[in-house]
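Let me begin by presenting the structure, written as structure tokens, before commenting on it.
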Amino acid sequence: VGEAISIQALGMTLNGQLQVQQLLTQPIVSGKLAVAPVSPPQVFAKLADWNLKPAIVWPPYLKTVALQTQFEAKAQELQLVNFNLQVADNQLTMPKLAINLVQQTLNTEGVFLQGWGLNLKAKLQVQQLFKQPIATGELTLAPVNPQLVFKQLGQTLPSIPAPFTFNKVALQTKLSATVEEVMLKELQLTIDEQRLNSTQLIWNRSKGTLG
């Protein structure tokens, strides 16, 4: 079974293609979805006309949002392929994301953020997705000027202690994280011309400790 879909509501336009295989045994649903560029504040304004009051307040730098992805869904697994989320001129892309509902795992082949002055690459795996999530992966942040990032976000950079100026920050690390604790391994951090290398750095949320 194959079908084209098109939905227009609340100022949004969603187009897609839907195909179902093995309909009467073990259905496999696959297809494509695309949300045309839309203004979130305008969508929320239409919701307000219906006496619905969304809890999210969209900051001004999120002017438009658009999305494209391919997908495949089975009884126990969901896969997104060539996922592309565009916010104004900024993009978040994932070549592949897989969620296994039985094993409670999430895996990505890569997460790439290019926007707001950032060039961020990551790989992420999550276990115990619906209970006590444990995330592991790698993170790389290309050299960036935090002052420009804060300016694009309409924020003011906090006061920086001397001798730092925060004209350049770069980072590369492996990570492991739970709800309570974040562990960075093989950390390489550059701030201006200062370099910090650490075999292991742990931040505990409940204890408020870093070390």
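Could you say which residue among ALA142, ALA75, ALA122, ALA98 is in a loop (DSSP other than H, G, I, E, B) and either within 29 Å of THR209 (Cβ to Cβ) or free of Cβ contacts under 8 Å to residues at least 60 places away in the same chain (or both)?
ALA75
Only residues in region 191-206 that are free of Cβ contacts under 8 Å to residues at least 12 places away in the same chain count as the first member; pair them with residues that are open to solvent by less than 40 Å² (accessible area, probe 1.4 Å), Cβ under 9 angstrom, at least 6 apart or cross-chain, and list the lot.
Listed pairs, sorted by first residue: ARG195/LEU189; LEU196/LEU187; LEU196/LEU189; LEU196/THR190; ASN197/LEU187; ASN197/LEU189.
Test of understanding: among THR165, THR173, THR136, which residue is open to solvent by 50 Å² or more (accessible area, probe 1.4 Å) and either in contact with a helix residue (DSSP H, G or I) (Cβ under 8 Å, 6 or more places away or on another chain) or closer than 30 Å to LYS96 by Cβ (or both)?
Just one listed residue meets the conditions, THR136.
Looking at ILE160, is it at pLDDT 95 or above and of a type in the set (A, V, I, L, M, F, W, C)?
The answer is no for ILE160.
If THR136 passes every condition in (1) farther than 29 Å from GLN19 by Cα; (2) touching an Asp or Glu at 6+ places or on another chain (Cβ under 6 Å) but one, which one does it miss?
Result: THR136 passes all but (2).
Name the pairs: first residue in region 126-137 and among the charged types (D, E, K, R), second residue in a loop (DSSP other than H, G, I, E, B), Cβ to Cβ under 9 Å, at least 6 apart or on different chains?
Matching pairs, first to second residue: LYS131/GLN104.
The values are calculated or read from the model by the stated rules, or taken from the named source; none is laboratory data. Everything numeric here is computed off the predicted structure, so don't read it as measured data. In this analysis, Cβ positions are derived from the backbone assuming ideal geometry, glycine residues included, and neighbour counts consider all displayed protein chains. Note: accessible area is taken over every heavy atom of the protein model, side chains too, but ligands, DNA and RNA are not part of it. Shrake-Rupley method; radii C 1.70, N 1.55, O 1.52, S 1.80 Å.
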